[in-house]
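Asks: The structure follows.
The values are calculated or read from the model by the stated rules, or taken from the named source; none is laboratory data. Quick caveat: nothing in here was measured; it's all calculated off a predicted structure. Cβ placement follows ideal geometry from the backbone for every residue including glycine, while neighbour counts extend to all protein chains displayed.
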Amino acid sequence: MNPLITAAELVAQEGHVIVVDVRHDLNDPTAGLRAYASGHLPQAVFLSVDEDLSGEPTGLNGGRHPLPRPDDFVARLNAIGGTDETLFIAYDDSGGAFAARFWWLCRWIGHLKVGVLNGGLKAWTTAGGLLQADEPQASANPGPKRAGKIALRPSLTPRWNLETMEAWVASGSSPEIALVLDARSLERYRGDHEPLDPVAGHIPGAVCRPSSSNLDADGCFKAPSQLRDEFEQLLQGRDPTEVIHSCGSGITACHNLLAMEAAGLTGSSLYPGSWSEWCAASHRPVAVG
């Protein structure tokens, strides 16, 4: 299915649909829940990026936002009433950065019926959509509780682990093997500053493609044809399956992956640990500039 859905298309959806609010601030872990409490899409369920879309950080492996255990993520979806027939639609107020993580996780556990609200909360209210407010609750997931059942199925999306990335860099970051795209800002990629991780720079051989480049002035994803043209300039004839997406902690990398999928360039991989995992050990090489 098309991974991007408009506000009008969301209203017109039939069948079992669960809307998921994944608003988040990397510098303020409670901001998403406060935003949800002040106003969210009607009947939307809140899931926390730190608590629900990530596992427990270990400090070395997995980065700042390691993947949750597949069984744990399935349990989260079951807790909000998900079934194998449920269409999940995720949104945020960050251009889709966190919604893309939810989209990727659903595909990772083999659930194909998932999309991202293009333009997020702003697109919804601009289209005349109303918001529902709730009092904050202690739970990280204050949404409606409905017993569900989702089967854990084979993953629908490939990924690289730390060992694979280390082997690629050891090979000389060979462009004949893969193209690694870094979704962070150009300033963080170059190592001009690093607000979140202890070391500045990038994985040797990675190419910068800021996730913000996927959006237009309204905060929606660019047209598929434009995204395709932009990514094909980076691919230079490579097959999309040779592309590996990285970022700071495996969040905004999903945004680039989603943009490629929306452009019809399917099959690229995610490096979930990303820069925060790579720079956690001093023996790994760092590139700057």
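Asks: Can you tell me which residue within segment 1-33, out of those that are of a type in the set (Val, Ile, Thr), in contact (Cβ under 8 Å) with a residue 60 or more places away in the chain and assigned to a loop (DSSP other than H, G, I, E, B), is nearest to Val45 (Cα to Cα)?
Replies: Looking at residues that are of a type in the set (Val, Ile, Thr), in contact (Cβ under 8 Å) with a residue 60 or more places away in the chain and assigned to a loop (DSSP other than H, G, I, E, B), I get Val22.
Asks: Follow-up question, since we're still on this one. In segment 53-62, which residue that is modelled with pLDDT of 95 or more and surrounded by 23 or more Cβ atoms within 10 Å (Cβ to Cβ) is farthest from Trp275 (Cα to Cα)?
Replies: By that ranking, first place goes to Leu53.
Asks: Could you check segment 258-289 and list, in sequence order, the residues that are without any contact (Cβ under 8 Å) to a residue 12 or more places away in the chain and β-branched (Val, Ile, Thr)?
Replies: Selection gives nothing.
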